[in-house]
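See structure below.
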Amino acid sequence: MQLEPRQLSTLEEMGIPVWELRNQLISSTSAIAVELDEQQLNANVYIIFDGENHTEQKQQLLVAMMAAIDININTTAVIRPDQFQSLKSQPLKNKLLFVFGKRFHSHFVSEQTTEDMKVGVHSLKESELNVVFIDDLSELIQRPETKQLAWQVLKNAKATIKRFN
């Protein structure tokens, strides 16, 4: 849905994030790793999810999940898995990456260990980046029983963030 300039202005005044601008960035796929911009590099929280099938309902869920653990969605950087290589060259201690969807897990851990990574916050040894794995947003919407596990993961992430400060 394309918003008119007056609608964008009203949403901005209300402090409501506008998804359309980020969605264009996420849905463009590339075979080569894409460098992150300065704003993305300076973020303390990163999010990876399926941006190609992103809906308003999924965006609302994502915003609500981040707000539940006191993270403003506007201060996060939404990145693609291919951008993670650019991120690895940066100091990542005390930063957190949320990975939504099992299909992205293999970018960070081997297949054998993904079952062991359900609830905790995991530190990637090579980068010291803290990673949280959560079910895909579609899964959380379609199967509400999965939200209980997601909430446990979010509480662990919040505790990790408090330790950073």
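The values are calculated or read from the model by the stated rules, or taken from the named source; none is laboratory data. Since the structure is predicted, the reported quantities are computational estimates derived from the model, not experimental observations. In this analysis, Cβ positions are derived from the backbone assuming ideal geometry, glycine residues included, and neighbour counts consider all displayed protein chains. Please note that ligands, DNA and RNA were not included when accessible areas were found on the heavy atoms of the full protein model with its side chains. Shrake-Rupley method; radii C 1.70, N 1.55, O 1.52, S 1.80 Å.
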Scan the range 80-102 residue by residue and report those that are in contact (Cβ under 8 Å) with a residue 40 or more places away in the chain and of a type in the set (S, T, N, Q). Gln83, Gln85, Ser86, Gln90, Asn94
One residue is enough: does the range 124-132 have a residue meeting the conditions more than 21 Å from Arg103 (Cβ to Cβ) and touching a strand residue (DSSP E or B) at 6+ places or on another chain (Cβ under 7 Å)? no
So, in the range 31-49, exactly how many residues are within 23 Å of Asp136 (Cβ to Cβ) and modelled with pLDDT of 85 or more? 6
Residue count, the range 54-71 (criterion: open to solvent by 90 Å² or more (accessible area, probe 1.4 Å) and of a type in the set (S, T, N, Q)): 2
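State all residues of the range 96-118 that are at pLDDT below 90 and buried (at least 16 other Cβ atoms within 10 Å of the Cβ); if no residue qualifies, say none. Don't jump to the end; show me each part of the working.
Within the range 96-118, the subset at pLDDT below 90 is 101-118.
The answer is Gly101, Phe104, His105, Phe108, Val109, Met117.
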Being of a type in the set (S, T, N, Q) and assigned to a helix (DSSP H, G or I) is the filter; apply it to the range 149-165 and report the residue that is surrounded by the fewest Cβ atoms within 10 Å (Cβ to Cβ). Gln152
